[in-house]
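Asker: Encoded as structure tokens, here's the structure I'll be asking about.
The values are calculated or read from the model by the stated rules, or taken from the named source; none is laboratory data. All values reported here derive from a predicted model rather than from experimental measurement. With ligands, DNA and RNA removed, areas are computed over all heavy atoms of the protein, side chains included. Shrake-Rupley method; radii C 1.70, N 1.55, O 1.52, S 1.80 Å.
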Amino acid sequence: MIARIGRGYRGRLAPSRAQNHRQAFRSELGARCLAAAIALLCCSPAFAGEPRVLLLRGWFGVFSTGMDGLADELKSKGIKAQVAGHLYWSTALKEIVRDRAAGKTGPVVLVGHSQGANNVIDMARSLEKQKIPVDLLVTLAPFMQDPIPANVVRAVNFYQSPGWGAPLTTDRSFHGKLSNINVGDDWTIAHVSIDKSARIHAEIAREILAALKPKEGVEEASPLTAAAPPQSPQKNLPPQAQAH
């Protein structure tokens, strides 16, 4: 009798105990899934740091107002860009290094005009020593500059021949893409106006958008900057892409 009562008692408790066990299992599984989701979010690009887009003016910033106009155009496309004088490059370099040390690994885009163009290459070379890549480097009329370092993924150089600037070269260890674009045949472009060209602005914006988007699929070819091998020969700006 006692045995039967005991068995019956256990029988009545069995569903409750099973339900409690299932609830505990679900709670534990939910906690683990939540922890995994948080870990994934923290490792996602949204938490890896915002893109750093820096535009450097030339000497004293007097003739590089086109950098401000370019920043406004980028802002209209949802890209936050910082405009500064070329002397700011060493400060910006320290900020990028500090951000990387803090785990912020957002893309780095450097654009410069004249002396600012020289200095963004100096920045890239200094970042190479810190093992920090430069996703995009754009130079407008640099002069007597060192080769592009190996940490640059994509480089685009606008220059004038005859005129100001020259094709850029690369380090032997460079495995990225370099495009040298000669705008010397366009009489509307001079050293003090190359940074204001609407066509060049559009091309720079396209390059920046491509550098910041996820690396999926094949990038659309551009009539101005079709990918060229390292130390590429000079290219003339095609008539249909000349600035007005």
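Asker: Near the amide H of residue 138, under 5 Å away, which other amide H atoms are found, from residues 5 or more places off or on another chain, if H is placed in the peptide plane?
Answerer: 110, 111, 112, 156
Asker: A further question on this structure: Per residue of the stretch 85-102, what does 6.51 cos²θ - 1.76 cosθ + 1.60 with θ = phi - 60° give for ³J(HN,Hα)? Whole Hz please, x for Gly and Pro, Karplus curve as stated.
Answerer: Rounded to whole hertz, the list is x, 5, 5, 6, 4, 5, 5, 4, 4, 4, 5, 5, 4, 5, 5, 5, 5, 8.
Asker: Largest first, what is the accessible-area ranking of 89, 59, 187 with a 1.4 Å probe?
Answerer: 187, 59, 89
Asker: Counting only the heavy atoms of the protein chains, how much of residue 185 is accessible to a 1.4 Å probe, in Å² to the nearest 10?
Answerer: Ignoring ligands and nucleic acids, residue 185 comes out at about 100 Å².
Asker: Residue by residue through the stretch 112-128, which ³J(HN,Hα) values in whole Hz follow from phi under the Karplus form 6.51 cos²θ - 1.76 cosθ + 1.60 (θ = phi - 60°), with glycine and proline marked x?
Answerer: x, 10, 6, 4, x, 5, 4, 6, 5, 5, 4, 4, 4, 5, 5, 5, 4
Asker: Might you work out the accessible area of residue 143 for me, using a 1.4 Å probe with all protein chains in place, and round it to the nearest 10 Å²?
Answerer: Approximately 100 Å² of residue 143 is accessible to the 1.4 Å probe.
Asker: Taking Rh as the Kirkwood radius, which is the inverse of the mean 1/r over Cα pairs, what is the Rg/Rh value for the stretch 57-122?
Answerer: 0.99
Asker: Taking just the alpha carbons, could you work out the radius of gyration and Dmax for the stretch 100-187, both in angstroms?
Answerer: Rg then Dmax for the stretch 100-187, in Å: 13.2, 47.
Asker: Round to the nearest 10 and report in Å² the accessible area of residue 88, as given by a 1.4 Å probe over the protein chains' heavy atoms.
Answerer: Roll a 1.4 Å probe over it and residue 88 shows about 50 Å².
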